[in-house]
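Please read the structure below before turning to the comments.
The values are calculated or read from the model by the stated rules, or taken from the named source; none is laboratory data. Note that the structure is a prediction, hence the values are computed from the model and not measured. Using ideal geometry, Cβ is built from the backbone for each residue, glycine included, and neighbour counts are taken over all protein chains shown. Areas reflect the complete protein model, heavy atoms only, side chains present, ligands, DNA and RNA absent. Shrake-Rupley method; radii C 1.70, N 1.55, O 1.52, S 1.80 Å.
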Amino acid sequence: GVAAGWLYLRHQKERQRRERRLHHLRSLSLGQGNFQLQDTSGAARSKADFRGRWVLLYFGFTHCPDVCPEELEKLSRAVRLLEADPALPPVQPLFITVDPERDDAAALARYLRDFHPRLVGLTGSAQQVREAAAQFRVYVSAGPRDDDGDYVVDHSVLTFLLDPDGIFRDCYSRSRTAEEVARSVRGHMDSYEPLAP
Amino acid sequence: AAGMAAPTMEERKACWGARDEFWRCLDSHGDDAAQCEKLRRAFESRCPQQWVKHFDKRRDFLKYKKKLETEGFQPPEAAGKS
(Lines give C-alpha, C1' and ligand atoms only; values in the text may rest on other atoms or scores of the structure.)
Protein backbone atom coordinates (compact mmCIF):
# COMPACT_ATOMS: atom_id res chain seq x y z
CA GLY A 1 0.00 0.00 0.00
CA VAL A 2 0.93 3.67 0.34
CA ALA A 3 2.89 3.18 3.57
CA ALA A 4 5.10 0.49 2.07
CA GLY A 5 5.72 2.68 -0.99
CA TRP A 6 6.68 5.64 1.19
CA LEU A 7 9.05 3.55 3.31
CA TYR A 8 10.69 2.23 0.17
CA LEU A 9 11.25 5.76 -1.15
CA ARG A 10 12.72 6.89 2.15
CA HIS A 11 15.06 3.90 2.15
CA GLN A 12 16.17 4.74 -1.38
CA LYS A 13 16.84 8.34 -0.42
CA GLU A 14 18.94 7.20 2.53
CA ARG A 15 20.91 4.86 0.32
CA GLN A 16 21.61 7.61 -2.20
CA ARG A 17 22.72 9.99 0.53
CA ARG A 18 25.09 7.37 1.89
CA GLU A 19 26.53 6.70 -1.54
CA ARG A 20 27.10 10.41 -2.17
CA ARG A 21 28.89 10.72 1.15
CA LEU A 22 31.07 7.74 0.38
CA HIS A 23 31.79 9.07 -3.06
CA HIS A 24 32.91 12.33 -1.48
CA LEU A 25 35.20 10.57 0.99
CA ARG A 26 36.66 8.46 -1.79
CA SER A 27 37.17 11.52 -3.98
CA LEU A 28 39.51 12.86 -1.32
CA SER A 29 41.53 9.80 -2.39
CA LEU A 30 43.57 9.73 0.76
CA GLY A 31 44.51 6.35 2.14
CA GLN A 32 43.37 4.52 -0.98
CA GLY A 33 45.06 1.33 -1.95
CA ASN A 34 46.04 -1.55 0.25
CA PHE A 35 49.53 -1.18 1.71
CA GLN A 36 51.50 -4.41 2.20
CA LEU A 37 53.91 -4.31 5.13
CA GLN A 38 55.18 -6.49 7.98
CA ASP A 39 54.61 -6.14 11.71
CA THR A 40 57.19 -6.57 14.45
CA SER A 41 56.69 -10.34 14.51
CA GLY A 42 57.49 -10.48 10.80
CA ALA A 43 53.90 -11.29 9.83
CA ALA A 44 52.54 -9.76 6.63
CA ARG A 45 49.93 -7.07 7.34
CA SER A 46 47.91 -5.20 4.76
CA LYS A 47 45.56 -2.27 5.25
CA ALA A 48 42.63 -4.63 4.66
CA ASP A 49 43.67 -6.65 7.73
CA PHE A 50 42.63 -3.73 9.91
CA ARG A 51 39.07 -3.57 8.57
CA GLY A 52 36.48 -3.83 11.26
CA ARG A 53 38.46 -1.48 13.50
CA TRP A 54 38.88 2.25 13.79
CA VAL A 55 42.54 3.01 13.16
CA LEU A 56 44.74 5.93 14.23
CA LEU A 57 47.82 5.83 12.03
CA TYR A 58 51.06 7.77 12.42
CA PHE A 59 54.12 7.77 10.13
CA GLY A 60 57.48 8.31 11.81
CA PHE A 61 60.91 6.81 12.53
CA THR A 62 62.77 5.58 15.60
CA HIS A 63 65.76 7.94 15.24
CA CYS A 64 63.41 10.91 15.42
CA PRO A 65 64.71 13.65 17.81
CA ASP A 66 61.44 14.63 19.48
CA VAL A 67 58.40 14.94 17.25
CA CYS A 68 57.67 11.23 16.89
CA PRO A 69 57.87 10.35 20.60
CA GLU A 70 55.63 13.33 21.34
CA GLU A 71 53.10 12.40 18.68
CA LEU A 72 53.12 8.74 19.77
CA GLU A 73 52.65 9.81 23.38
CA LYS A 74 49.70 11.91 22.25
CA LEU A 75 48.30 9.09 20.12
CA SER A 76 48.58 6.68 23.07
CA ARG A 77 46.83 9.15 25.33
CA ALA A 78 44.01 9.70 22.81
CA VAL A 79 43.48 5.94 22.56
CA ARG A 80 43.44 5.60 26.35
CA LEU A 81 40.84 8.39 26.60
CA LEU A 82 38.63 6.54 24.12
CA GLU A 83 39.18 3.23 25.92
CA ALA A 84 37.86 4.82 29.09
CA ASP A 85 34.40 4.82 27.51
CA PRO A 86 33.17 1.21 27.38
CA ALA A 87 30.38 2.16 24.97
CA LEU A 88 32.91 2.95 22.23
CA PRO A 89 34.46 0.39 19.87
CA PRO A 90 38.22 -0.20 20.33
CA VAL A 91 40.69 1.91 18.34
CA GLN A 92 43.76 0.35 16.77
CA PRO A 93 46.87 2.54 17.07
CA LEU A 94 49.23 1.99 14.14
CA PHE A 95 52.77 3.19 13.39
CA ILE A 96 54.40 2.95 9.96
CA THR A 97 58.08 3.74 9.65
CA VAL A 98 59.40 6.18 7.06
CA ASP A 99 62.93 4.82 7.65
CA PRO A 100 62.79 1.12 6.70
CA GLU A 101 66.56 1.02 6.24
CA ARG A 102 67.11 1.25 10.00
CA ASP A 103 63.66 0.47 11.38
CA ASP A 104 63.44 -3.28 11.02
CA ALA A 105 61.08 -5.42 13.14
CA ALA A 106 63.45 -5.53 16.12
CA ALA A 107 64.10 -1.78 16.10
CA LEU A 108 60.38 -1.05 15.93
CA ALA A 109 59.56 -3.48 18.73
CA ARG A 110 62.14 -1.82 21.00
CA TYR A 111 60.93 1.66 20.17
CA LEU A 112 57.18 1.08 20.42
CA ARG A 113 57.47 -0.68 23.78
CA ASP A 114 57.39 2.73 25.45
CA PHE A 115 53.97 3.62 24.08
CA HIS A 116 50.48 2.13 24.02
CA PRO A 117 50.58 -1.66 24.53
CA ARG A 118 48.32 -2.31 21.53
CA LEU A 119 50.32 -0.05 19.20
CA VAL A 120 51.23 -2.07 16.11
CA GLY A 121 54.40 -1.16 14.22
CA LEU A 122 54.84 -1.81 10.50
CA THR A 123 57.89 -1.84 8.31
CA GLY A 124 58.80 -3.33 4.95
CA SER A 125 61.01 -2.95 1.93
CA ALA A 126 61.88 0.56 0.77
CA GLN A 127 59.31 0.22 -2.01
CA GLN A 128 56.52 -1.06 0.22
CA VAL A 129 57.06 1.78 2.68
CA ARG A 130 57.30 4.35 -0.12
CA GLU A 131 53.96 3.13 -1.49
CA ALA A 132 52.25 3.21 1.91
CA ALA A 133 53.46 6.77 2.52
CA ALA A 134 52.40 7.82 -0.98
CA GLN A 135 48.90 6.44 -0.40
CA PHE A 136 48.55 8.95 2.43
CA ARG A 137 50.49 11.67 0.61
CA VAL A 138 53.01 11.68 3.43
CA TYR A 139 56.14 13.62 2.46
CA VAL A 140 59.34 11.71 3.26
CA SER A 141 62.88 12.99 2.76
CA ALA A 142 65.96 11.44 4.36
CA GLY A 143 68.60 14.05 5.19
CA PRO A 144 72.35 13.89 4.57
CA ARG A 145 74.36 11.33 6.54
CA ASP A 146 77.02 12.42 9.02
CA ASP A 147 80.34 10.64 9.69
CA ASP A 148 78.59 7.97 11.77
CA GLY A 149 76.10 7.34 9.00
CA ASP A 150 73.34 8.86 11.13
CA TYR A 151 70.62 10.95 9.51
CA VAL A 152 67.17 12.31 10.25
CA VAL A 153 64.13 11.87 8.03
CA ASP A 154 62.04 14.92 7.32
CA HIS A 155 58.39 13.90 7.02
CA SER A 156 54.81 15.14 7.28
CA VAL A 157 53.60 15.00 10.85
CA LEU A 158 50.03 13.75 10.76
CA THR A 159 47.85 11.18 12.47
CA PHE A 160 45.24 9.64 10.17
CA LEU A 161 41.86 8.29 11.24
CA LEU A 162 40.49 5.35 9.25
CA ASP A 163 37.02 3.93 9.82
CA PRO A 164 36.19 0.21 10.08
CA ASP A 165 35.74 0.12 6.28
CA GLY A 166 39.34 1.29 5.90
CA ILE A 167 38.22 4.67 4.62
CA PHE A 168 40.05 7.85 5.58
CA ARG A 169 37.90 10.03 7.83
CA ASP A 170 40.15 12.73 9.30
CA CYS A 171 43.72 13.73 10.03
CA TYR A 172 45.26 15.45 13.03
CA SER A 173 48.27 17.75 12.98
CA ARG A 174 50.86 18.43 15.66
CA SER A 175 48.76 21.24 17.10
CA ARG A 176 45.82 19.01 18.08
CA THR A 177 45.83 17.76 21.66
CA ALA A 178 45.05 14.18 22.69
CA GLU A 179 41.73 15.39 24.09
CA GLU A 180 40.83 17.06 20.80
CA VAL A 181 41.74 13.94 18.83
CA ALA A 182 39.64 11.74 21.12
CA ARG A 183 36.69 14.11 20.85
CA SER A 184 36.96 14.14 17.06
CA VAL A 185 37.20 10.35 16.85
CA ARG A 186 34.12 10.03 19.08
CA GLY A 187 32.25 12.37 16.71
CA HIS A 188 33.19 10.25 13.71
CA MET A 189 32.14 7.10 15.54
CA ASP A 190 28.74 8.67 16.27
CA SER A 191 28.14 9.55 12.63
CA TYR A 192 29.60 6.36 11.19
CA GLU A 193 27.38 4.20 9.00
CA PRO A 194 28.83 0.86 7.89
CA LEU A 195 28.99 0.14 4.18
CA ALA A 196 26.29 -2.25 3.04
CA PRO A 197 27.60 -5.83 3.54
CA ALA B 1 69.74 -2.10 9.81
CA ALA B 2 72.66 0.26 9.36
CA GLY B 3 74.56 2.00 12.18
CA MET B 4 73.76 2.40 15.85
CA ALA B 5 70.51 1.61 17.62
CA ALA B 6 68.06 4.48 18.13
CA PRO B 7 68.21 6.18 21.54
CA THR B 8 66.00 4.59 24.19
CA MET B 9 63.35 6.56 26.07
CA GLU B 10 65.78 7.16 28.94
CA GLU B 11 68.47 8.40 26.54
CA ARG B 12 65.98 10.68 24.79
CA LYS B 13 64.92 12.23 28.07
CA ALA B 14 68.53 12.72 29.13
CA CYS B 15 69.21 14.45 25.81
CA TRP B 16 66.15 16.69 26.06
CA GLY B 17 67.05 17.56 29.65
CA ALA B 18 70.60 18.55 28.66
CA ARG B 19 69.22 20.58 25.75
CA ASP B 20 66.74 22.38 28.02
CA GLU B 21 69.46 23.19 30.57
CA PHE B 22 71.66 24.57 27.81
CA TRP B 23 68.81 26.64 26.38
CA ARG B 24 67.87 27.99 29.81
CA CYS B 25 71.49 29.11 30.20
CA LEU B 26 71.39 30.81 26.81
CA ASP B 27 68.11 32.49 27.74
CA SER B 28 69.59 33.93 30.90
CA HIS B 29 72.79 35.11 29.16
CA GLY B 30 71.23 36.76 26.13
CA ASP B 31 72.24 33.89 23.90
CA ASP B 32 75.93 34.36 24.74
CA ALA B 33 77.11 30.81 24.05
CA ALA B 34 80.51 31.54 25.62
CA GLN B 35 78.79 31.70 29.03
CA CYS B 36 77.30 28.25 28.57
CA GLU B 37 80.16 26.14 27.24
CA LYS B 38 79.98 23.49 29.94
CA LEU B 39 76.27 22.92 29.33
CA ARG B 40 76.87 22.96 25.59
CA ARG B 41 79.37 20.14 25.96
CA ALA B 42 76.96 18.20 28.18
CA PHE B 43 74.24 18.69 25.57
CA GLU B 44 76.54 17.44 22.79
CA SER B 45 77.60 14.42 24.81
CA ARG B 46 74.04 13.42 25.68
CA CYS B 47 72.55 13.75 22.21
CA PRO B 48 73.34 12.20 18.83
CA GLN B 49 75.11 14.69 16.58
CA GLN B 50 72.13 14.72 14.22
CA TRP B 51 69.85 15.73 17.07
CA VAL B 52 72.20 18.51 18.18
CA LYS B 53 72.05 19.93 14.65
CA HIS B 54 68.27 19.53 14.61
CA PHE B 55 67.81 21.29 17.95
CA ASP B 56 70.24 24.07 17.00
CA LYS B 57 68.11 24.73 13.92
CA ARG B 58 64.96 24.58 16.04
CA ARG B 59 66.32 27.21 18.40
CA ASP B 60 67.33 29.47 15.53
CA PHE B 61 63.87 29.10 14.07
CA LEU B 62 62.14 29.83 17.37
CA LYS B 63 64.29 32.93 17.88
CA TYR B 64 63.55 34.11 14.35
CA LYS B 65 59.85 33.51 14.86
CA LYS B 66 59.92 35.47 18.13
CA LYS B 67 61.76 38.29 16.38
CA LEU B 68 59.10 38.42 13.68
CA GLU B 69 56.37 38.49 16.28
CA THR B 70 57.91 41.24 18.36
CA GLU B 71 59.70 43.38 15.78
CA GLY B 72 57.82 42.61 12.60
CA PHE B 73 59.38 41.68 9.32
CA GLN B 74 62.13 44.06 8.18
CA PRO B 75 63.38 43.51 4.67
CA PRO B 76 67.17 43.80 4.38
CA GLU B 77 68.34 47.29 3.44
CA ALA B 78 69.38 47.69 -0.21
CA ALA B 79 73.05 48.60 -0.71
CA GLY B 80 72.38 51.81 -2.56
CA LYS B 81 69.08 53.49 -2.12
CA SER B 82 67.48 55.02 -5.14
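When B and A come together, around 1600 square angstrom of accessible surface is lost from both chains combined, probe 1.4 Å.
Within segment A:32-191, the ratio Rg/Rh, alpha carbon atoms throughout and Rh by Kirkwood, equals 0.95. In chain A, the longest principal axis of the Cα atoms and the axis of helix A:126-135 are about 40 degrees apart. With protein chains left intact and a 1.4 Å probe, residues in the protein assembly as shown average 57 Å² of accessible area per residue. Would segment B:11-63 count as rounded, prolate or oblate if I go by the C-alpha gyration tensor, calling it rounded below 1.5 in a/c and otherwise prolate when a/b exceeds b/c, oblate otherwise? The shape class here is oblate.
Taking every DSSP helix (H) stretch of at least 4 residues in chain A, weighting each as -39,500 (n - 2.57) and dividing the sum by the residue count yields a mean residue ellipticity at 222 nm of -12500 deg cm²/dmol. Rounded to the nearest 20 debye, the dipole size of chain A about its Cα centre is 1300 debye, using +1 on the Cβ of Lys and Arg and -1 on the Cβ of Asp and Glu. Remark: the Cα gyration tensor places the protein assembly as shown in the prolate category, a/c being 1.5 or greater and a/b exceeding b/c. For segment A:161-175, 3J(HN,Hα) computed residue by residue from phi via the Karplus equation (6.51, -1.76, 1.60; θ = phi - 60°) reads 9, 10, 8, x, 8, x, 9, 5, 10, 6, 9, 10, 8, 4, 7 Hz, glycine and proline entered as x. Going from the isolated chain to the complete set of protein chains, segment B:39-76 loses at least 20 Å² of heavy-atom accessible area (1.4 Å probe) at B:Q49, B:Q50, B:W51, B:H54, B:R58. For the pair segment B:1-74 / segment A:118-197, the C-alpha centres are spaced 27 Å from each other. Share of chain A's accessible area from carbon and sulfur, percent, 1.4 Å? On chain A, the fraction of accessible area on carbon and sulfur atoms equals 53 percent.
Counting only DSSP H runs of at least 4 residues, each contributing -39500 (n - 2.57), and dividing by the residue count of chain B, the helix-based mean residue ellipticity at 222 nm comes to -22000 deg cm²/dmol. With each label modelled as a point 7 angstrom along the Cα→C-beta vector, the A:A134-B:E44 pair spans 4.2 nm. Here segment A:153-197 is described by how far its Cα atoms reach on the three principal axes: 41, 24, 8 Å, from widest to narrowest. By the rule of a second cysteine Cβ within less than 4.7 angstrom, chain A holds isolated cysteines at A:C171.
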